[in-house]
Amino acid sequence: MVFVKGQSTKEFQEKAKKARNDKAGFAFCIVCQKEYKKYYKKQITCGSYVCKLKWTKARYDKTLGTLEGRAIRLFSTIKLGKGKKRIALQILSEFLGKPCKYCSVQINEENASVDHKIPKTHSKVKKGLYSAKEIRKLDSRDNLHIICRKCNLLKGNMNDEQYTRLNNFLKENKDLQDILIQRFNLNSVFFQRMRR
């Protein structure tokens with residue numbers, strides 16, 4: 001039985017909590033409920049591969065439909081360092097309900113997308129052409145913002161200033177706007193098929 005808070009008996013919860021805080025260093029595994037010797041104060045599983053896996057899955061399932069879960073999935077490929085979950089949640093919360101910087105569509109959990117103001121090219125990442133320092137700089141908080149998914153797909157590897165200029169051009173030339181956006185979308189689909 002996998003223990004998830006609220007789904008186990010009160011006695012076992014109290015016993016496990018007391019054992020975790022006990023100075024003797026013994027506790028009860030939150031998954032298999034066996035006694036084990038703790039390696040660090042906040043350890044809650046016995047350390048076996050199966051227990052760690054089950055506990056991780058239970059925590060993931062618990063956050064699946066939450067804002068925290070959405071933030072974790074949005075920022076999964078971004079290296080924010082220590083406190084990544086907290087930072088990701090702050091960035092996402094900051095932009096939700098506000099208009100997209102480029103097209104003014106209101107940002108919600110379904111259309112939110114993380115964007116680099118100075119782009120990080122995925123082909124360069126795969127080939128290892130970025131140093132660790134460059135990746136940290138590109139994945140820094142001040143280089144990230146949330147825009148709508150449609151704008152993020154259209155923006156591609158353009159930087160913030162280039163895409164703003166393109167967007168202004170399209171707004172001034174309404175007759176070309178639909179044609180060019182349709183072309184961009186076709187090219188995006190074409191390149192995605194080529195990558196497979």
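The values are calculated or read from the model by the stated rules, or taken from the named source; none is laboratory data. Because the structure is a prediction, the values reported are computed rather than measured. Counting neighbours? That spans all protein chains shown, and the Cβs are built from the backbone with ideal geometry, glycine included.
On the given criteria, is Arg59 farther than 25 Å from Arg165 by Cα and not assigned by TED's automatic domain parsing to the domain that holds Gln162?
Judged against the criteria, Arg59 is a match.
Go through the stretch 110-140 and give me each residue that's surrounded by 14 or more Cβ atoms within 10 Å (Cβ to Cβ), more than 25 Å from Lys82 (Cβ to Cβ) and modelled with pLDDT of 85 or more.
Asn111
As an exercise: evaluate Tyr102 against (1) in the same structural domain as Gly156 (by TED's automatic domain parsing); (2) touching a residue at least 24 places away in the same chain (Cβ under 8 Å); (3) not in a loop (DSSP other than H, G, I, E, B) and give the number of the one condition it does not meet.
(3)
Scan the stretch 30-46 for residues that are under 17 Å from Thr9 (Cβ atoms) and more than 28 Å from the chain's Cα centre (by Cα) and jot them down.
Cys32, Gln33, Lys34, Glu35
Report yes if Cys151 is assigned to a helix (DSSP H, G or I) and assigned by TED's automatic domain parsing to the domain that holds Arg183, otherwise no.
Here the answer is yes, as Cys151 does meet what is asked.
Quick one: would you say Ile91 is within 22 Å of Glu161 (Cα to Cα) and not assigned by TED's automatic domain parsing to the domain that holds Gly156?
yes
List pairs: first residue in the stretch 39-52 and in contact (Cβ under 8 Å) with a residue 24 or more places away in the chain and assigned by TED's automatic domain parsing to the domain that holds Phe26, second residue part of a helix (DSSP H, G or I) and surrounded by 14 or more Cβ atoms within 10 Å (Cβ to Cβ) anywhere in the structure, Cβ distance under 7 angstrom, at least six positions apart or on different chains.
Close Cβ pairs (under 7 Å, with a partner that is part of a helix (DSSP H, G or I) and surrounded by 14 or more Cβ atoms within 10 Å (Cβ to Cβ)) amount to Ile44/Arg20.
Within the stretch 143-151, does at least one residue satisfy the condition of being surrounded by fewer than 14 Cβ atoms within 10 Å (Cβ to Cβ) and without any contact (Cβ under 8 Å) to a residue 40 or more places away in the chain?
No: the stretch 143-151 contains no residue that is surrounded by fewer than 14 Cβ atoms within 10 Å (Cβ to Cβ) and without any contact (Cβ under 8 Å) to a residue 40 or more places away in the chain.
Quick one: how many residues across the stretch 58-87 are free of Cβ contacts under 8 Å to residues at least 24 places away in the same chain and either of a type outside the set (Val, Ile, Thr) or assigned to a loop (DSSP other than H, G, I, E, B) (or both)?
17
Scan the stretch 6-42 residue by residue and report those that are among the acidic types (Asp, Glu) and either at pLDDT below 75 or part of a loop (DSSP other than H, G, I, E, B) (or both).
Matches in the stretch 6-42: Asp22 only.
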